[in-house]
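The values are calculated or read from the model by the stated rules, or taken from the named source; none is laboratory data. Bear in mind the structure is a predicted one, so any value in this text is a computation, not a measurement. Glycine gets a Cβ as well: all are built from the backbone with ideal geometry, and neighbour counts include every protein chain shown.
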Amino acid sequence: MDWRVPDWSGAASALFKRTLFGYVAAYRAGGLDRLPRYDDQGDPIAVGEQLRDLIGQSPSPLDTDPALRESLLRYPAGGLVEGANHFFYWSKEEFGFKPIVGLNHVCTHVPPAGGPVTMVTIQFYATHYIDGQVAVMTLLPDPADSGAFYWLYLNRARIGRLSGFWGVLARPIVQGRARSGLSKSFTTTKTRMENQR
């Protein structure tokens with residue numbers, strides 16, 4: 001990056017976007033093994049290893065869908081599970097001392113024969129704080145009410161890169177804002193769903 005060019009801000013933004021796109025392309029081509037290592041705080045952190053551990057942890061809604069779990073661990077080589085769809089998106093979240101730009105892989109699984117619907121979100125890159133994050137959401141039909149369901153949500157994250165004096169101050173702030181943001185998101189989603197009934 002040449003910081004002396006007149007439009008250095010635009011050039012830096014374009015470089016950052018190309019870098020993010022490169023991370024997505026590498027992950028789509030080679031899965032967890034192709035993810036970058038965070039090497040900005042002493043000991044390098046292998047993001048793929050962090051995510052492999054988070055996806056495999058139990059108890060989890062994925063315990064009842066081992067084929068889906070295995071396909072996520074081996075993505076893209078694991079093949080597609082019938083009824084599963086994948087998409088990617090980037091996010092910008094405002095918590096902590098600076099915003100976090102993240103890259104996310106979402107897999108939705110609607111079993112063709114019926115049963116619980118599962119959505120897994122894997123955050124495979126974050127600019128700050130988060131070393132890996134996996135969220136699993138399962139919708140369980142209510143046998144007593146055909147129009148209702150139970151919403152089960154599990155989120156596991158590795159919050160790191162908060163070392164030293166500033167890390168001691170930042171960690172509770174980042175964790176608290178993450179929890180409050182999740183609670184607000186649940187409340188908003190619940191309200192929207194209830195208004196559509």
Tell me, please, whether a residue that is out of contact with any His (no Cβ under 6 Å at 6 or more places or on another chain) and farther than 24 Å from Thr138 by Cα can be found in the stretch 78-92. yes
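In this structure, does Arg179 turn out to be among the charged types (D, E, K, R) and at pLDDT 80 or above? Step through it out loud before you land on a result.
Values: among the charged types (D, E, K, R): yes; at pLDDT 80 or above: no.
It is false that Arg179 is among the charged types (D, E, K, R) and at pLDDT 80 or above.
Could you run through the stretch 109-134 and say how many residues are in contact with a strand residue (DSSP E or B) (Cβ under 7 Å, 6 or more places away or on another chain) and either charged (D, E, K, R) or more than 15 Å from Thr64 (Cα to Cα) (or both)? Break it down into steps so the answer makes sense when it comes.
Here is the first cut: in the stretch 109-134, the ones in contact with a strand residue (DSSP E or B) (Cβ under 7 Å, 6 or more places away or on another chain) are 109-110, 116-134.
Remaining after also requiring either charged (D, E, K, R) or more than 15 Å from Thr64 (Cα to Cα) (or both): 121-134.
Within the stretch 109-134, residues that are in contact with a strand residue (DSSP E or B) (Cβ under 7 Å, 6 or more places away or on another chain) and either charged (D, E, K, R) or more than 15 Å from Thr64 (Cα to Cα) (or both) number 14.
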With the first residue restricted to the stretch 135-152 and required to be more than 22 Å from Arg69 (Cβ to Cβ) and among the charged types (D, E, K, R), and the second required to be at pLDDT 85 or above and surrounded by 10 or more Cβ atoms within 10 Å (Cβ to Cβ), Cβ contacts under 8 Å at 6 or more apart or on different chains are Asp142/Tyr150
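Which residue, of Ala67, Ala77, is surrounded by fewer than 19 Cβ atoms within 10 Å (Cβ to Cβ) and not in a helix (DSSP H, G or I)? Walk me through how you get there before you give the answer.
Values: Ala67 fails: not in a helix (DSSP H, G or I).
None of the others qualify; the one that does is Ala77.
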Can you pull out every residue in the stretch 111-125 that is at pLDDT below 90 and either in contact with an Asp or Glu (Cβ under 6 Å, 6 or more places away or on another chain) or over 20 Å from Ser58 (Cα atoms) (or both)? Pro111, Pro112, Ala113, Gly114, Gly115
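Sort through Ala113, Ala14 and tell me the only one that's out of contact with any Ser or Thr (no Cβ under 8 Å at 6 or more places or on another chain) and more than 21 Å from Val136 (Cα to Cα). Please lay out each step first, then the result.
On the way: Ala113 fails: more than 21 Å from Val136 (Cα to Cα).
Step by step, each of Ala113, Ala14 is checked, and only Ala14 is out of contact with any Ser or Thr (no Cβ under 8 Å at 6 or more places or on another chain) and more than 21 Å from Val136 (Cα to Cα).
Ala11: among the aliphatic types (A, V, I, L, M), assigned to a helix (DSSP H, G or I) and exposed (fewer than 14 other Cβ atoms within 10 Å of the Cβ), yes or no? So that I can check it myself, show each step before the final result.
Details: among the aliphatic types (A, V, I, L, M): yes; assigned to a helix (DSSP H, G or I): yes; exposed (fewer than 14 other Cβ atoms within 10 Å of the Cβ): no.
Against the criterion (among the aliphatic types (A, V, I, L, M), assigned to a helix (DSSP H, G or I) and exposed (fewer than 14 other Cβ atoms within 10 Å of the Cβ)), Ala11 does not qualify.
Take the stretch 87-105 and flag every residue that is of a type outside the set (S, T, N, Q), in contact with a strand residue (DSSP E or B) (Cβ under 7 Å, 6 or more places away or on another chain) and either surrounded by fewer than 16 Cβ atoms within 10 Å (Cβ to Cβ) or at pLDDT below 90 (or both).
Initial filter on the stretch 87-105 (of a type outside the set (S, T, N, Q)): 87-90, 92-103, 105.
Within this subset, residues satisfying the condition of being in contact with a strand residue (DSSP E or B) (Cβ under 7 Å, 6 or more places away or on another chain) are 87-90, 92-93, 99-103, 105.
Hits for the stretch 87-105 are Phe87, Phe88, Tyr89, Trp90, Lys92, Glu93, Pro99, Ile100, Val101.
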Subset tally (residues that are in a loop (DSSP other than H, G, I, E, B) and farther than 19 Å from Phe87 by Cα) for the stretch 14-48: 7
Pairs needed: first member in the stretch 35-64, more than 30 Å from Pro116 (Cβ to Cβ) and in contact (Cβ under 8 Å) with a residue 40 or more places away in the chain; second member anywhere, among the acidic types (Asp, Glu) and not in a loop (DSSP other than H, G, I, E, B); C-beta distance under 6 Å; at least 6 residues apart or different chains. Ile45/Asp131
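Of everything in the stretch 6-28 that's among the hydroxyl-bearing types (Ser, Thr, Tyr) and over 16 Å from Phe88 (Cα atoms), which residue is farthest from the chain's Cα centre (by Cα)? Break it down stepwise before answering.
The initial filter retains those residues of the stretch 6-28 that are among the hydroxyl-bearing types (Ser, Thr, Tyr), namely 9, 13, 19, 23, 27.
Among the residues that remain, those that are also over 16 Å from Phe88 (Cα atoms) are: 9, 13.
Values: Ser9: 28, Ser13: 23 Å.
Among them, the one singled out is Ser9.
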The one condition Glu82 fails out of (1) exposed (fewer than 12 other Cβ atoms within 10 Å of the Cβ); (2) within 15 Å of Phe124 (Cβ to Cβ) is (2)
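Could you please let me know if Ala148 is surrounded by 15 or more Cβ atoms within 10 Å (Cβ to Cβ), of a type in the set (Gly, Ala, Ser) and not in a loop (DSSP other than H, G, I, E, B)? Before you say what the answer is, go through the steps one by one.
Values: surrounded by 15 or more Cβ atoms within 10 Å (Cβ to Cβ): no; of a type in the set (Gly, Ala, Ser): yes; not in a loop (DSSP other than H, G, I, E, B): yes.
So Ala148 does not fit the description; no.
Among the residues of the stretch 110-122, which ones are assigned to a strand (DSSP E or B) and surrounded by fewer than 22 Cβ atoms within 10 Å (Cβ to Cβ)?
So the first thing to find is which residues in the stretch 110-122 are assigned to a strand (DSSP E or B), and the list is 117-122.
If the condition is that a residue be assigned to a strand (DSSP E or B) and surrounded by fewer than 22 Cβ atoms within 10 Å (Cβ to Cβ), then Val117, Met119, Thr121 are the ones that fit.
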